[in-house]
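Novice: Handing you this structure, nothing more for now.
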Amino acid sequence: MRIKEHPILKFNKEKKIKFIFNGQELEGYEGDTIAAALHAQGVKVLGKSLFLHRPRGFYCAIGNCSSCLMTVNGVANVKTCVTDLEEGMVVETQEGKGVIV
Amino acid sequence: MKQAEIVVIGGGPAGLCAAMSAAKSGAGVLIIDRNKSLGGQLVKQTHMFFGSEKQYASTRGIDIPEILLKELAKYKDKVEIKTNSTAVGFYEDGVITVLEKEDKYYKVEPKAVVVATGAYEKFLSFPNNDLPGIYGAGAVQTLMNVHGVKPGNRVLMVGAGNIGLIVSYQLMQAGVKVAAILDAAPKIGGYLVHASKIRRMGVPILTSHTVKEAIGKDFLEKAVVCKVDEKFNPIPGTEITFDVDVMCISVGLTPLNELLAMRGCRMKYVPQLSGLVPVRDENYETTVENIFVAGDASGVEEASAAMVEGYLAGLCAAAKIGYKPDDFYERRKDYMNQLNNLRSGPAARHILAGLDQIRR
Amino acid sequence: MFEKTGIPSKEMVMEKFPSQDRINKGPVAIVECYREIPCNPCETACRFNAIRVGEDINNIPQINFDKCTGCAICLSKCPGLAIMIADGSKSEDTVEIKIPYEFLPLPGEGQVVKGLDREGKHITDVKVLKVTNPKSFDRTPVITIEVDRKFLYEIRNIRVEV
């Protein structure tokens, strides 16, 4: 789902990054946000809603709406649409509120 | 407590121009922006801008931050930039609290402030509107134009305003199929030159249509749309089902300006300016002295107007705290003329009607 | 209807065209800007003062076909991609049309591609004569196509099939 060539833009996606999503190793690129890297791998469901446990994806992608909250390296409620992907990150879908440790 | 002469909150088109304008007058400026780099939403606007030369017409939006930052660099001893920094509070005593990278939290006490915090995307209610795959049009623009990731294979665009039209075109440039563009209004809301360039790519524009429901288990699989009558009521029997994995919601923006309300600026709901906006005078000063506003936070408009509002607010904020250059009146008149010119046509009639309700 | 569909009517299109005589003399710009918007780069870009918007940038551009040389600078500068160039001086049966095309893949010179009308409907096949994409066009390539004269008022786009 990556754009290979574009008439206006050039994407400098050079350095690959490995990360763990729900126990599975996935690849993204340096400069990706967590949500963008997941979407590029076809992952659209980032969490489940608080009461009805409905699937949640991102909505605004610029840190306004909090629809993309996930648990990252054990920390709940991370806005994955504006958080950069890092090597070895452990990313998990979040059920409802998540647990604050 | 950090001291500053002028704090500009938000480093998008309005904020950058405000900072530049204030620094040019000689004031010290601190720019606070929550993103990792400046430019706001310009960074994903791959299309050429409208307007005239002074607002960088015919230049692609993505290239404008570099032009503005280069200009701003001329005043680098006057300007401090704090990225990854969110202004989280703006208190009655004039103090702004800033959260930097989630771990540093401090206070700033400025003499004047320009709030240029932009806007956020509106949402639309219909059954299953929360399914993943249903995204703001601006979100999709960020995903594909900033990160180089396609949102999906086939898109239904909801809203035929400028953003809906532009993002549809950009989706096609990224190699994504656009099934249709719909709008509940009986007429296309965006510039018709945009509409024509999408229509001649073969994409139908369905006016007087709305979303009836989204269908899908874990994410969007189908969208059902239907016609609406003059009162926007759905007409039974007119349903069309689209097999799409992405739906873009582009039904307008709302000013993002809670900091001004928190500070105690008088706010007023003005539908033509897309929501709650601060009451201000012609210099863009709000009802609280030395607190200015610019760009979409003052009412949703085109980026070209946001830049000019920024120049004007920055100039006037600097003048209020003692940095009044010799050519103050000349510059102010130029900015006001530019704004009048951008707003004098039929495409901005609603903006003028909105501004009439908001002047201090 | 234009406001509902984005498709200008034949009459609206015809009004923007110069005479056949003028087209037969050599290249000339056709500015399909039908509604007032705040925009004037076409006027700024024209080195021959052939396009006038005026003091109020919301005015609809007026073009002087006698001054216009069909140089295509305005074509790449128009943010609405609303300008095309027609040249009927080369042949009695065909016209050469220049259009902006910001998609990939770009067609190759000599390639036959689908010619589309203002609805995006395939009306005829057209031959690509030239693809111009200098730095000054800022990523808005200009495609020159050879089109049967009978489609002069209909042709507006191409589709490159992969």
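Novice: Scanning for something in contact (Cβ under 8 Å) with a residue 60 or more places away in the chain, at positive phi and surrounded by fewer than 17 Cβ atoms within 10 Å (Cβ to Cβ), does region A:79-87 turn up at least one residue? Quick ask: steps written out before the conclusion?
Specialist: So in region A:79-87, the residues in contact (Cβ under 8 Å) with a residue 60 or more places away in the chain come out as A:85-87.
Next cut, at positive phi only: none.
No, that holds for no residue.
Novice: Of the conditions (1) over 12 Å from the mean Cα position of the chain (by Cα); (2) closer than 23 Å to residue B:217 by Cβ, residue A:17 fails just one. Which one is it?
Specialist: Going through (1) over 12 Å from the mean Cα position of the chain (by Cα); (2) closer than 23 Å to residue B:217 by Cβ one by one, residue A:17 breaks only (2).
Novice: Restricting to region B:270-285, count the residues that are out of contact with any Gly (no Cβ under 7 Å at 6 or more places or on another chain) and part of a strand (DSSP E or B). If you could, list the steps in order and put the result at the bottom.
Specialist: Within region B:270-285, the first condition is being out of contact with any Gly (no Cβ under 7 Å at 6 or more places or on another chain), and the residues that meet it are B:271, B:275-276, B:278-285.
The next check asks that each one be part of a strand (DSSP E or B); those that pass are B:275-276, B:278, B:280, B:285.
The qualifying residues number 5.
Novice: Also: How do the pairs read when you match residues in region A:1-23 that are part of a strand (DSSP E or B) with residues anywhere that are hydroxyl-bearing (Ser, Thr, Tyr), using Cβ under 7 Å and keeping only pairs 6 or more apart or on different chains?
Specialist: Short answer, once both residue conditions are applied: A:16/A:29; A:17/A:29.
Novice: Right, residue B:338: surrounded by 15 or more Cβ atoms within 10 Å (Cβ to Cβ), outside any loop (DSSP other than H, G, I, E, B), touching a His at 6+ places or on another chain (Cβ under 9 Å) and not assigned by TED's automatic domain parsing to the domain that holds residue B:167 or not?
Specialist: Judged against the criteria, residue B:338 is not a match.
So that you can scan it fast, the table gives a plain yes or no per residue for (1) within 14 Å of chain B (Cβ to nearest Cβ); (2) closer than 23 Å to residue B:342 by Cβ:
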site	(1), (2)
C:5	yes, no
C:15	no, no
C:22	no, no
C:32	yes, yes
C:41	yes, yes
C:44	yes, yes
C:51	yes, yes
C:81	yes, yes
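Novice: Being more than 7 Å from chain C (Cβ to nearest Cβ) and either assigned to a strand (DSSP E or B) or of a type in the set (Ser, Thr, Tyr) (or both) is the filter here, so list the residues in region B:168-199 that pass it.
Specialist: Result: B:168, B:169, B:177, B:178, B:179, B:180, B:181, B:182, B:183.
Novice: Still on this structure: I need the full set of residues from region A:64-74 which are without any contact (Cβ under 8 Å) to a residue 24 or more places away in the chain and more than 7 Å from every other protein chain (Cβ to nearest Cβ), in order please.
Specialist: Our first condition is that a residue be without any contact (Cβ under 8 Å) to a residue 24 or more places away in the chain; within region A:64-74, this holds for A:64-67, A:73.
Selection gives A:65, A:66, A:67, A:73.
Novice: Among what's in region B:63-117 and is of a type in the set (Asp, Glu) and within 24 Å of residue A:79 (Cβ to Cβ), pick the residue that is surrounded by the most Cβ atoms within 10 Å (Cβ to Cβ). Can you show your working first?
Specialist: Filtering region B:63-117 down to residues of a type in the set (Asp, Glu) leaves B:63, B:66, B:71, B:77, B:80, B:92-93, B:100, B:102-103, B:109.
Keeping just the survivors that are within 24 Å of residue A:79 (Cβ to Cβ) gives B:100, B:102-103.
On the way: B:100: 15, B:102: 11, B:103: 6.
Only one residue fits best here, namely B:100.
Novice: Quick test for you: out of B:133, B:159, B:138, B:202, pick the one residue that is on the phi > 0 side of the Ramachandran plot and within 10 Å of chain A (Cβ to nearest Cβ).
Specialist: B:133
Novice: Among the helices (runs of 4 or more DSSP H) contained in region C:1-62, which hold 2 or more residues that are in contact (Cβ under 8 Å) with a residue 40 or more places away in the chain? Working first, answer last.
Specialist: On the way: elements: C:2-5, C:10-16, C:20-25, C:41-45.
Qualifying helices (runs of 4 or more DSSP H): C:10-16, C:20-25.
Novice: Let me ask another. Considering only residues that are closer than 30 Å to residue C:138 by Cβ and small (Gly, Ala, Ser), look in region A:1-36 and name the one that is surrounded by the most Cβ atoms within 10 Å (Cβ to Cβ).
Specialist: A:36
Novice: Anything in region C:61-91 that is over 13 Å from the mean Cα position of the chain (by Cα) and within 18 Å of residue C:128 (Cα to Cα)? List them, or say none.
Specialist: C:88, C:89, C:90, C:91
Novice: Then there's this: Looking at (1) hydroxyl-bearing (Ser, Thr, Tyr); (2) free of Cβ contacts under 8 Å to residues at least 12 places away in the same chain; (3) within 13 Å of chain A (Cβ to nearest Cβ), can you tell me which one residue B:125 breaks?
Specialist: All conditions pass for residue B:125, except number (3).
The values are calculated or read from the model by the stated rules, or taken from the named source; none is laboratory data. Computed from a predicted structure; not experimentally measured. When we count neighbours, we look across all protein chains shown, and the Cβ atoms used for this are built from the backbone with ideal geometry, even at glycine.
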